Amino acid sequence: MKSSNPSPRRVAVYCGSANGNDPAFRAEAVALGTELAAAGLGLVYGGANSGLMGAVADAALAGGAEVIGVLPEVLSGLEIAHTGLTSLEYVPTMHERKARMHQLADAFIALPGGYGTLDELLEAVTWAQLGMHAKPCILVNTLGYWDGLLRFLDSAMTAGFLRPANHELLIVAKNAADAVRIAAHSQL
């Protein structure tokens with residue numbers, strides 16, 4: 001599945017709507033938004049104005065990047081929608097949010113987050129495993145946040161539930177700059 005684009009135009013970022021307990025998490029989100037803009041890449045994300053989601057969006061906007069938010073209607077009345085985006089799309093369900101973000105993005109990057117972040121990331125990797133796309137799936141492991149997940153994946157491979165080739169579908173980046181470099185230089 002090759003694209004005519006030599007590099008991604010937009011990157012979907014999955015991350016928390018909270019900041020977490022360490023300022024390094026928010027700093028990494030700001031760095032990611034800044035790096036995406038500097039690389040000329042657009043951002044697709046969950047559409048919220050809070051936490052790491054708001055931080056990455058604000059930084060990308062400040063750098064001049066296109067920023068597209070995709071917000072499920074169930075969250076529309078909670079006053080969490082970012083009103084300063086290039087565009088904000090409302091979709092009926094969380095499932096449609098993931099599908100729309102996937103449709104708009106050429107690569108996926110995950111920062112720290114909770115259940116939603118994990119769900120979005122693993123669905124993107126699963127779709128790659130099934131051959132539904134060949135877009136890079138990148139994990140930014142700020143302060144070792146994802147070490148537990150990475151140990152689990154190693155265990156799943158050792159136990160015979162995850163093939164080594166599929167284990168490699170999730171690319172671990174040391175920081176935001178590394179993640180953007182990987183995304184920008186991946187051949188789709």
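The values are calculated or read from the model by the stated rules, or taken from the named source; none is laboratory data. Everything quoted here is computed from the prediction, not taken from an experiment. Every residue, glycine among them, receives a Cβ derived from its backbone with ideal geometry; neighbour counts consider all protein chains shown. Side chains are part of the model used for accessible areas, which takes the heavy atoms of the whole protein and leaves out ligands, DNA and RNA. Shrake-Rupley method; radii C 1.70, N 1.55, O 1.52, S 1.80 Å.
Odds and ends about this structure:
- Efficiency of FRET from Cβ geometry, M132 and T83, R₀ 35 Å, rounded to 0.05: 0.60
- Solvent-free Debye scattering, log10 I(q)/I(0), computed from the Cα coordinates of segment 5-45 at q = 0.17, 0.22, 0.27 Å⁻¹: -0.50, -0.74, -0.96
- Note that the chain presents 48 Å² accessible area per residue, ligands and nucleic acids not counted, probe 1.4 Å.
- Neighbour net charge for L104 - beta-carbon separation under 12 angstrom, K R +1, D E -1: +3
- Relative to the current alpha-carbon distance between A177 and S155, full extension at 0.36 nm per residue lengthens the span by 5.1 nm.
- Relative contact order [Cα under 8 Å, 6+ residues apart], the chain, whole percent: 26 percent
- Rg(Cα) / (2.2 N^0.38 Å) computed for the chain, rounded to two decimals: 0.96
- Apportionment of accessible area to carbon and sulfur, segment 20-65, percent (1.4 Å): 51 percent
- Estimated D of segment 110-188 in µm² per second, where Rh is the Kirkwood radius over Cα pairs and Stokes-Einstein applies at 4 °C, 1.567 mPa s: 99 µm²/s
- Its DSSP H runs of at least 4 residues, each contributing -39,500 (n - 2.57), put the calculated 222 nm mean residue ellipticity of the chain at -13000 deg cm²/dmol, to the nearest 500.
- Sorting T142, T158, T34 by solvent-accessible area of protein heavy atoms yields T158, T34, T142, largest first, with a 1.4 Å probe.
- The 1.4 Å probe gives accessible areas that order L139, L61, L149, largest first, as L61, L149, L139.
- Overall, the accessible surface of segment 85-170 at a probe of 1.4 angstrom is composed of carbon and sulfur to the extent of 59 percent.
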